[in-house]
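Colleague: Here it is: the structure, laid out below.
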Amino acid sequence: MFVESVLNGDKLDAILCVAGGWAGGNASNKDFIKNADLVWKQSVWTSSISAKIGAKFLKPSGLLQFTGAAAAIQGTPGMIGYGMAKAAVHQLVKSLADYKTSGLPENAVPFAFLPVTLDTPMNRKWMPKADHSTWTPLSFIAEKLFGWIFEPEKCEDLPKSGALLELITKDGKTEIKQI
């Protein structure tokens, strides 16, 4: 395995699965199956690969971060494939929560961020008139991950194993709500 040769026996403090994408459409959309397949590959396969890598190469107590979606907490009739894929990621996180039965290393912490909209250049390009003050800045996520991975003793908000962390941004301020 390529990862094994790169790590040369070392283990990882964290694995961050930030892959994903979006495609809309309801069941009558002409591209429904194509879009569902696309978002499944973007979200579920990448998350499954990350889980497998975590099982083999994550340190005990290591973090395994996934990217879910706040929208997938409910039904997503205008973007069914996307909602299905993100709900599957949520299920994966819950299924990995107990290291004793999930195959992850001892005390590993799988969790997922559930953003509404991330403030990315592509999202700004496609939604220029949207209220960007409700979008979660990538810097917020990066700072959280940095603290949780490298300075956990300074953090009061470490995620619990199996946590689904909804990111709620309003007026440019982001809060985390554990679901």
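Colleague: Name every residue in region 26-40 that is surrounded by fewer than 19 Cβ atoms within 10 Å (Cβ to Cβ) and over 21 Å from Ser50 (Cβ atoms), in order of residue number.
Modeller: Across region 26-40, the qualifying residues are Asn26, Ala27, Ser28, Asn29, Lys30, Asp31, Phe32, Ile33, Lys34.
Colleague: Scan region 81-101 and tell me whether some residue there is closer than 21 Å to Gly24 by Cβ and among the charged types (D, E, K, R).
Modeller: yes
Colleague: Just one of Ala163, Ala85, Ala97, Ala108 is in contact with a Gly (Cβ under 9 Å, 6 or more places away or on another chain) and touching a residue at least 60 places away in the same chain (Cβ under 8 Å); which is it?
Modeller: On inspection, the qualifying residue turns out to be Ala97.
Colleague: Looking at Phe150, is it exposed (fewer than 14 other Cβ atoms within 10 Å of the Cβ) and either more than 27 Å from Phe32 (Cβ to Cβ) or aliphatic (A, V, I, L, M) (or both)?
Modeller: Judged against the criteria, Phe150 is a match.
Colleague: While we're on this one: Looking only at region 142-173, which residues are out of contact with any strand residue (DSSP E or B) (no Cβ under 8 Å at 6 or more places or on another chain), assigned to a loop (DSSP other than H, G, I, E, B) and at negative phi?
Modeller: Within region 142-173, Glu151, Cys155, Glu156 qualify.
Colleague: Related question: Which one is surrounded by the most Cβ atoms within 10 Å (Cβ to Cβ) among residues in region 6-21 that are among the charged types (D, E, K, R) and touching a Lys or Arg at 6+ places or on another chain (Cβ under 7 Å)?
Modeller: Filtering first and then ranking leaves Asp13.
Rundown of residues vs (1) under 14 Å from Gly21 (Cα atoms); (2) part of a loop (DSSP other than H, G, I, E, B), yes/no style:
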{"site": "Pro77", "(1), (2)": "no, yes"}
{"site": "Ala85", "(1), (2)": "yes, no"}
{"site": "Val93", "(1), (2)": "no, no"}
{"site": "Thr101", "(1), (2)": "no, no"}
{"site": "Leu104", "(1), (2)": "no, yes"}
{"site": "Pro110", "(1), (2)": "no, no"}
{"site": "Phe113", "(1), (2)": "no, no"}
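So that you can scan it fast, the table gives a plain yes or no per residue for (1) in contact with a strand residue (DSSP E or B) (Cβ under 7 Å, 6 or more places away or on another chain); (2) more than 26 Å from Gln178 (Cβ to Cβ):
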site	(1), (2)
Asn26	no, yes
Lys30	no, yes
Ser48	no, no
Leu63	yes, no
Met79	yes, no
Gly83	no, no
Ala87	no, no
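Colleague: Out of all the residues in region 1-49, which are of a type in the set (Phe, Trp, Tyr) and touching a residue at least 60 places away in the same chain (Cβ under 8 Å)?
Modeller: Trp22
Colleague: For region 118-141, how many residues meet the condition of being within 15 Å of Thr169 (Cα to Cα) and part of a helix (DSSP H, G or I)?
Modeller: Total satisfying the criteria: 7.
Colleague: Tell me, please, whether a residue that is small (Gly, Ala, Ser), closer than 25 Å to Thr169 by Cα and without any contact (Cβ under 8 Å) to a residue 60 or more places away in the chain can be found in region 50-66.
Modeller: No; the residues of region 50-66 include none that is small (Gly, Ala, Ser), closer than 25 Å to Thr169 by Cα and without any contact (Cβ under 8 Å) to a residue 60 or more places away in the chain.
Any read-out appearing in this document is the output of simple, stated calculations on the displayed coordinates, not a laboratory observation. Here the structure is a predicted model, which is why all the values come from computation and not from measurement. Every residue, glycine among them, receives a Cβ derived from its backbone with ideal geometry; neighbour counts consider all protein chains shown.
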